Amino acid sequence: MTATIPDSFKFPDFYNFPPFFTIQPVLATREKQLGQWRELILRYHTDLKIKTLVLHECPLWKNPKIERELTGDEIRLVMDDFISSGHGEWEDPQTRTRCRILWRKPEQLASDIYDWAVSNGYVNSVCTVFELHSGEFHHESLHRYFVVIFIWGN
Amino acid sequence: FSRPLSPFYHPSSYPYLRSPPSSFRFYFFMKWALQSPPPASRIFNHNIYILPTQYPMSHRRRGVGAARAGAKAYTKKAEEMNAVSLARAMETVEKLEVKLEGFAKTHKHEIQHDPAFRAKFLEMCAPLGVDPLSAEKGFWGNMLGIGEFYYELSVKVAEVCLASRSRNGGIIRVSEVKDILTQRGTKFKFADSKNKSSYSEEDIVTSVKKLSKLGSGFRTVEVGKSMMIVSVPEELDDDHMKVMDLAEENRCGAYGVVTVKGVTAELGWDHDRAKRALELLLGKGMAWLDAVGAEKYYWFPSLWMQNSNEMVSS
C-alpha cells in the first residue's frame, strides 16, 4: 500500500521528464540523474518529516502523470547510490527493505553541536541530552529525533 | 566570320581594337586572348567601361601589337579611377561616422535602456565597421558603455550555460537562458540601476558572439524555429542538427522527443544511420534515453523544458 503524496509537496521539474525513470546508459548523464534522485528523496523526506523509507511503499518510484516508473533493479541502484552518499542507512542490511533517512549527515550534525557548544560556553563541560535539544540555549535544528540518531551512530 | 569569344570577357578588354583576323595575325590574337584579365578592384567592383571616344585617334584601329600595349593602358586607367572612387567612398564613410556619433549622443538613453532600439542601432553600425561593443577607451567605450553591458551579460550567459551543462549536454535555448536570468533577478552594474535593465534575446545572441571570439566553442545554432547556444567545443554535424530539428518541431509524437523509427520515417535515412546519430547525441549528453518496455525514446532536455512549462500554463 503506497503512501499518497500530499498536494503540498512541490515536485521538481525533472520529475515529469520521462527519461528520469530510466537509468541512463551514459555515465556522465547517469551521475547527474542519480544526483537528482538523491536530491528528490532527501527533500521529500525532509519536507514531510518522514524518517524511514520503506522500499515498496515509497510513492516516488512511480509517476502516473507521465506513465513512467522505475523497475526493481533500478530502484536498487538508486538506493545503493543514496546510501553510499551518506544520506541514509539500512535498518536491515540483510534484506534491505527499510532505510533510515538522515535529514542531516552525522558530520554536519556533529559540527552543528560543536558550534552550539562553543557559542554557549558548553565546551569541556558535561551536559544532558535534554539540554541539547530543549534546554535554555538549545539549537533549533536539534530535535529529539536527531539526538537519537546521533547517540545511536556515535 | 563570327567574332570569336574572348575567354576573359571583361568590358575593358572588349576588342574594339582588333583588326580582322587573318592566319598571320591569328597567332597574335591568341597571345592577346590568353592574357590575364585586368586586376579587379577590391573594394568597389565597378565595371570600368572605357568608351573608344575617350581615347585619342591614335589609339583606335591600331594593329594587333597595340592590343598588348592597350591592355596595360586600360589597367592603369582602371586603377586611377578606382583610387578616385575609393577616396570619395572613404570621405563618405567618415562623414557617416561623425553623423553616427552625433546620433548616439542624442539617443544615448534609449540605446542604453531599450533593447529594440539598441538592436536597430547595432544594425546601423555594422555595415560601417563601427563596433560600439568593444569596451575600449575609445569614443564608443566611454560614451555609450554598452560594451560593458554586453561583457557583463556574456559572463552571466556563460554561467547559466555552464551550470546547465550536465543536464542538457551543453546546448540550451536562448529563451531558457533569458528565463533563468530574469528569474534570478540579475541586475547589471551598467547604467542607472533604478530602471531595471531590460535585455532581449537579440542582446543575448550578440553577447554570445562576443564570447565566441574568446574561442572555447561558444556559438549559436538554429534548431527548427528556436535559437540555441552551444557551449561545448564538439562539432554538431548536419545529421545531428536534422534530428534535433525533428525533435523541436514535434514531428515524432511530442515536443523534444525522437525515436529511431520516427527518424527513419521522417528523414528517409536507413536504420543504422539514424541509430548512429541518436547514439552520438546520447553520448554527448544532449539526449536522454527513455526505455519503455521494448520501445526506446530519445528526449532532448534542452528542447523539452520550455514546452513543459508552456503546456502547464496553457
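Below is a table of values for the structure above.
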read-out	value
Residue that is least open to solvent (accessible area, probe 1.4 Å), among those in segment A:6-41 that are over 24 Å from B:G293 (Cβ atoms) and within 7 Å of chain B (Cβ to nearest Cβ)	A:K32
Identity of the residue in segment A:65-76, of a type outside the set (V, I, T) and away from chain B (no Cβ under 14 Å), that ends up farthest from the chain's Cα centre (by Cα)	A:G72
Test: residue in segment B:216-236 that is within 14 Å of another protein chain (Cβ to nearest Cβ), modelled with pLDDT of 85 or more and open to solvent by less than 10 Å² (accessible area, probe 1.4 Å)	no
Subset of segment B:272-291 [within 7 Å of another protein chain (Cβ to nearest Cβ) and of a type outside the set (A, V, I, L, M, F, W, C)]	B:G283, B:G285, B:D290
Search result, residues across segment B:75-122 that are open to solvent by less than 80 Å² (accessible area, probe 1.4 Å) and more than 28 Å from B:I204 (Cβ to Cβ)	B:T75, B:A78, B:N82, B:A83, B:V84, B:S85, B:L86, B:A87, B:A89, B:T92, B:V93, B:G102
Failed item, numbered, when A:R96 is tested on (1) among the charged types (D, E, K, R); (2) surrounded by 14 or more Cβ atoms within 10 Å (Cβ to Cβ); (3) within 14 Å of chain B (Cβ to nearest Cβ); (4) on the phi > 0 side of the Ramachandran plot	(3)
Filter result (of a type outside the set (A, V, I, L, M), part of a helix (DSSP H, G or I) and buried (at least 23 other Cβ atoms within 10 Å of the Cβ)) within segment B:269-303	B:P301, B:S302
Members of segment B:210-235 that are among the β-branched types (V, I, T) and in a loop (DSSP other than H, G, I, E, B)	B:V232
Meets criteria (more than 11 Å from chain B (Cβ to nearest Cβ), open to solvent by less than 50 Å² (accessible area, probe 1.4 Å) and modelled with pLDDT under 85) for A:T52	yes
Output for segment B:150-184, where each listed residue is in a helix (DSSP H, G or I), within 14 Å of chain A (Cβ to nearest Cβ) and among the β-branched types (V, I, T)	B:I180
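The values are calculated or read from the model by the stated rules, or taken from the named source; none is laboratory data. All figures in this text were calculated on a predicted structure; none of them were measured in a lab. When we count neighbours, we look across all protein chains shown, and the Cβ atoms used for this are built from the backbone with ideal geometry, even at glycine. Ligands, DNA and RNA are stripped out before the accessible areas are found, and what is left, the full protein with its side chains, is counted by its heavy atoms. Shrake-Rupley method; radii C 1.70, N 1.55, O 1.52, S 1.80 Å.
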